[in-house]
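What follows is a short report on a single structure.
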Amino acid sequence: MNWHSASEFFAMGGYALYVWGSFGACALAFLAEPLLIRQRHKQIVRTLRRQTAAEKLEMEHP
Amino acid sequence: MTKQQKKWFKFASPQAFYPLAGKLIPIFWVLTAMFGAVGLWLSFFVAPTDATQGEGYRIIFVHVPTSWMSMFIYLVMAGWAAVGLSFNARLSSMMAQSLAPTGALMAFLSLWTGAFWGKPMWGTWWVWDARLTSELILFFLYLGFMSLQASIDDPRRADKAGAILALVGVVNVPIIYFSVTWWNTLHQGASVSLTKSPSMAMTMLWGMLLMAMCLWMYSIAVGLTRVRAIILEREAHTEWVKQLQEVKA
């Protein structure tokens, strides 16, 4: 084990800004990307649903 | 064509691939989490402190995997684009289109983590060194591919133009990879070599490899998720999309 306490772990031997700046940016990116894609998928499904609903309406009341 | 081959070719159609991708995605998320958990544990708790760089070297566990993935995804993207171009297979072009943003993200993170590593060790966020500059060009190639595709309204023409750009850009990947041997760079040489025995501690090497596996699985999961959205967007006019459970409900 490299660390004796949590504060020592977060201090990263004086390199906290650089280590957490790197890992933090990656964590943020890898959380944001899937969320954005899910949004995109939801968006297109919503549009398609509206389209089919409109088509159905048109068929019933020409 | 044998029965087996036909079974595989079936998945070249967006209609057959869409549900298959949906089934595969959770598997790749589980793999991402597993490799990530073990990789991070090795990176922070098992790998020893570096003799010269102290704890600052731990950036390697995200820097090297993101850099590898930025190059690897480019090759896969160009490969799909080439298949799409030569066989006129639209799903292949969609795959290329789906991988580009993730590749761009990896290239960006490679540059970002590199800057955060360069500052404490070299005393500068950025130098115009061959390795850094060629990686920056890779980032711009991804952005160029994406904006070129976005700027052409007809998707099939956009695929063709994008594929040509992607294929021309492939020349940059070996330049990045060998830049540290071809030029005198501030950037250090390859961390892992196939010909030499590893110069770093085994736990460091394993941490790096597992983090790379994690990002590999992540890229597949994200690529499949995005391609599903692209399929719906581009096949919106087709009957099979209208008959999908999630659209009908």
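Throughout, read-outs are computed from the coordinates displayed, never taken from laboratory work. These figures come from a predicted structure and were not determined experimentally. Here the Cβ positions follow ideal geometry from the backbone for every residue, glycine too, while neighbour counts run over all protein chains shown.
Below is a table of values for the structure above.
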item	result
Principal-axis tilt of helix B:202-234 within chain B, Cα atoms, nearest 10 degrees	20
Contour minus Cα-Cα distance for B:Ile137 and B:Lys248 (0.36 nm per residue)	35.5 nm
Exposure proxy ranking, count of Cβ atoms within 10 Å, fewest first, for B:Val171, B:Val62, B:Val38	B:Val171, B:Val38, B:Val62
Top of B:Leu138, B:Leu42, B:Leu24 by mean-square fluctuation, Gaussian network on chain B, Cα under 10 Å	B:Leu24
Chain B - Kirkwood radius from inverse mean 1/r over Cα pairs (Å)	19.8
Net length gained if the chain between B:Thr238 and B:Ala37 were fully extended (0.36 nm per residue, minus Cα distance)	68.2 nm
Debye log10 I(q)/I(0) at q = 0.23 Å⁻¹ for region B:101-224, Cα point scatterers	-1.45
Helix-only [θ]222 nm of the protein assembly as shown, DSSP H runs n ≥ 4, -39500 (n - 2.57) each, per residue, nearest 500	-26000 deg cm²/dmol
Computed Rg/Rh of region B:1-99, alpha carbon atoms with Kirkwood Rh	1.15
Among B:Met202, B:Met69, B:Met95: highest mean-square fluctuation, GNM of chain B, C-alpha pairs under 10 Å	B:Met202
Additional length obtainable on full extension of the chain from B:Asp50 to B:Ala150, 0.36 nm per residue less Cα span	31.5 nm
Viscosity 1.306 mPa s, 10 °C: Kirkwood-radius Stokes-Einstein D of the protein assembly as shown over Cα pairs, µm²/s	74
Exercise: per-residue mean of other protein chain Cβ atoms within 10 Å, B:159-172	0
Kirkwood hydrodynamic radius of region B:23-169, Cα pairs, Å	17.0
